[in-house]
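So the structure is just underneath, and the comments pick up after that.
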Amino acid sequence: MAALNKEKHIKYWQRCFNSYLPTPYTSSDSTRLMWACFITSAYDLLSIPFSSTDRTKIRSWVLSLQHPDGGFCGSPTHSLPGQESHKGTANLAATFFALITLAIASDGDEEAKAAFAGVRRGKLLRWLKKLQRDDGSFGQHLWEGKPVGGRDTRHSYLASCIRWMLRGHRKDDDEPWEDDVDVKAMIAHLRRGQTYDGGLAEFSDYESHAGYAYCAVGALWFLDRPSSASSPRPEPSSLTAMDQGIPDRPGMLRFLAGRQINYLAEEEDEDEEEEENFIQDAVGSLTLEEGCRHVGFNGRWNKKADTCYVWWAAATLAMLGDPYPLSVEGSRRYLLEVTQHPIGGFGKFAGTVPDIYHSYLGLAVLAMFGDSDLKEFDAGFAVSQISNNSAILPAASSGAMSSEPQDPSQAESPVWDKQTRRKFEKQVTIRAAARAPSLTSNTSKSTSEFYDPCQAAAQQSYKCLFRNGGDKSMCGEYFQAYRDCKQAWTERRRGVPSKPKEPTSE
Ligand SMILES: [Zn+2]
């Protein structure tokens, strides 16, 4: 069986860390913290060391995104219009990724103990409480003091993780302390989400979804999780929140096991893009016995197999604590032989270019399955056990982050400060000057510093490489077109003081 091409994956993540991300990422700039977290965590998983300078930079950048009223914003250039938009908008996902990134970026015991130093825990926990609705669900962010955003389980999961990390093992009567969220209502809301097929959705009459199942089970799992590193993890049978929140456990297991698909690679080669990999001539023939060389997962009924759903389904099963009713070897083969990309990383489907999200979750699954090239993995946090145990657990249980930040100037500094604004506006000007229609069809991209007019040429190169099994000698013309584009762009930018964008690979 193909193995994890560790060297290529390391290079992939180093490119992600050391250069601006390619143009397709501009539309998700508001979630830049998530990308940063995946990149930082991939370094950790692959044991790529950060320099102390890099660790300091990561820490200070993450803390710069902290909202003065609690929580973290997803990026320095994104804010909802309206009320106090100069402060940015804190949201649950960004806050989760900020805390995880701070934990991973610490190195050694001393740094790990201080991983959350600078996090305004009190404000953050008060903000978290405000995000919960009476029905137990959580909103994504506050608007005029009220929670807004869907009621789906992603928010419940994020809130539960954040609560666990910042609340530690403290009890309500410990001093000083903040009011807790309503745990009973949270469980009741999740319980109402299990669907007729055993899966889980925002509500029981919505479509079930493996990603939502992961989030619901994860939210419950963190409610049951011991907060001290020395506490033994309870047996699955004693997980009371899990028992209360998942009324039909066998149904949930069936739903998750049913996400597996016997992936028929030879059919995909013949089909058009949208039809490819819509497998299964006979669903009833699916077996976990030998015979399924590649086992992919989908997230919902009648959908295609997708790299990330191996993670969402398998990690949910891991948290449920039951013996895996899944084909571990078939899934590993699917990832390593079908969606692992020749340039490193994982694509969403066979033949698609790698992206950060699927590349990270591909690694996550393999780490969870015990790949010897990767660190041990924590299915609940989706980061390595090493990071979790060295930073998050001591921080959460020792109260190391109980103090508010020492730097008073940080308390009022808006996310979108004058310097950031100037930089952003300057880059818009650069974009206009650098646009090169003759070299690329990407003339309508979003305005940001990540604009790269040579992206199309770069993508052509990778497509060529992929088509030719990584044989560079077959793709010389594509490389030359890219170099020509870069040279033309560099000349246009000459005289502009900011750092030019480096070539990117993904
Ligand atoms: Zn996916």
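The values are calculated or read from the model by the stated rules, or taken from the named source; none is laboratory data. Quantities reported herein were computed from a predicted structural model and do not represent experimental measurements. Reconstructed Cβ throughout: ideal geometry from the backbone, glycine too, with neighbour counts over all protein chains shown.
Just to be sure before I move on: is Tyr360 part of a helix (DSSP H, G or I), within 28 Å of Arg32 (Cβ to Cβ) and within 16 Å of the ligand (Cβ to nearest atom) in the structure I sent? Quick ask: steps written out before the conclusion?
Values: part of a helix (DSSP H, G or I): yes; within 28 Å of Arg32 (Cβ to Cβ): yes; within 16 Å of the ligand (Cβ to nearest atom): yes.
The answer is yes for Tyr360.
Counting just the residues of segment 146-171 that are assigned to a loop (DSSP other than H, G, I, E, B) and at pLDDT below 90, which one comes out surrounded by the fewest Cβ atoms within 10 Å (Cβ to Cβ)?
In this case the residue turns out to be Lys171.
Taking segment 323-342 as the search range and keeping residues that are in a helix (DSSP H, G or I) and surrounded by fewer than 24 Cβ atoms within 10 Å (Cβ to Cβ), which one is farthest from the ligand (Cβ to nearest atom)?
This residue is Glu329.
Considering segment 39-89 alone, what residues qualify as being under 21 Å from Thr26 (Cβ atoms) and part of a loop (DSSP other than H, G, I, E, B)?
Matches in segment 39-89: Leu65, Gly74, Ser75, Pro76, Thr77, His78, Ser79, Leu80, Pro81, Gly88, Thr89.
What is the one condition in (1) modelled with pLDDT under 95; (2) assigned to a loop (DSSP other than H, G, I, E, B); (3) within 16 Å of the ligand (Cβ to nearest atom) that Ser402 does not satisfy?
The one condition Ser402 does not meet is (3).
Output the residue which, of all residues in segment 363-377 that are touching a strand residue (DSSP E or B) at 6+ places or on another chain (Cβ under 7 Å) and outside any loop (DSSP other than H, G, I, E, B), is nearest to the ligand (Cβ to nearest atom).
In this case the residue turns out to be Ala364.
What are the residues in segment 173-188 that are exposed (fewer than 14 other Cβ atoms within 10 Å of the Cβ) and either at pLDDT below 90 or in a loop (DSSP other than H, G, I, E, B) (or both), if any?
Passing the criteria: Asp173, Asp174, Glu175, Pro176, Asp179.
Each row is one residue, and each column tells you yes or no for (1) away from the ligand (no atom under 14 Å from the Cβ); (2) assigned by TED's automatic domain parsing to the domain that holds Phe222; (3) touching a Leu at 6+ places or on another chain (Cβ under 6 Å).
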position	(1), (2), (3)
Lys304	no, yes, no
Cys308	no, yes, yes
Ala313	no, yes, yes
Ala318	yes, yes, no
Gly321	yes, yes, no
Gly344	yes, yes, no
Val353	no, yes, no
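What pairs can you find where one residue is in segment 296-312 and more than 20 Å from Glu329 (Cβ to Cβ), the other is hydroxyl-bearing (Ser, Thr, Tyr) and within 10 Å of the ligand (Cβ to nearest atom), and their Cβ atoms are less than 8 Å apart, with a gap of 6+ or different chains?
That search, which allows pairs on different chains as well, returns Gly299/Tyr309.
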